[in-house]
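Throughout, read-outs are computed from the coordinates displayed, never taken from laboratory work. Note that the coordinates shown come from a computational prediction; the quantities given were computed from them, not determined experimentally. Cβ atoms come from the backbone with ideal geometry, glycine included; neighbour counts cover every protein chain shown.
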Amino acid sequence: MPLAIPLADMTEKDWAAQVAQLAKQLGWKRFHTYRSDRSEPGWPDEALVRDRLILLELKTEKGKLSDAQKDWIRRLINANAEIYVARPRHLDELARVLQARNRSLVTDMEAETRTLVGL
């Protein structure tokens with residue numbers, strides 16, 4: 001992977017690799033379903049565990065949520081899960097969320113996630 005990829009050109013695979021590296025550097029244990037065709041449609045891409053559980057749906061800058069993804073995210077938010085739709089432009093914000101030891105941050109990424117699923 002090149003050192004710098006323009007945000008608009010970043011693939012979801014490249015973005016997932018950046019997120020995985022960041023999570024590892026910050027001490028998070030990561031789960032990613034590699035065979036999503038054998039999993040429940042719409043379940044988030046990443047589960048990160050350290051002192052709390054964070055779920056991430058990774059999207060490119062132009063990527064859209066499927067109806068199944070929106071449904072899962074709505075249900076997870078309503079169950080008080082910490083879940084975000086994270087795009088490459090959110091890298092710095094995601095780093096702050098992952099550095100925090102609790103869920104006290106109110107982020108643009110969280111607000112955007114709620115808006116994307118109609119909450």
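In the stretch 31-80, which residue that is polar (S, T, N, Q) and crowded, with 16+ Cβ neighbours inside 10 Å is farthest from residue 18 (Cα to Cα)?
Initial filter on the stretch 31-80 (polar (S, T, N, Q)): 33, 36, 39, 60, 66, 69, 78, 80.
Pick out the ones that are also crowded, with 16+ Cβ neighbours inside 10 Å and you get 60, 69.
Working: 60: 12, 69: 22 Å.
The extreme case among them is 69.
All of (1) more than 17 Å from residue 26 (Cα to Cα); (2) surrounded by fewer than 19 Cβ atoms within 10 Å (Cβ to Cβ); (3) among the hydrophobic types (A, V, I, L, M, F, W, C); (4) under 13 Å from the mean Cα position of the chain (by Cα) hold for residue 83 with one exception: (2).
Within the stretch 20-78, the residues that satisfy the criterion of being closer than 19 Å to residue 118 by Cα and of a type in the set (Phe, Trp, Tyr) are 43, 72. Counting only residues that are in contact (Cβ under 8 Å) with a residue 12 or more places away in the chain, out of contact with any helix residue (DSSP H, G or I) (no Cβ under 6 Å at 6 or more places or on another chain) and β-branched (Val, Ile, Thr), the stretch 83-119 holds 2 of them.
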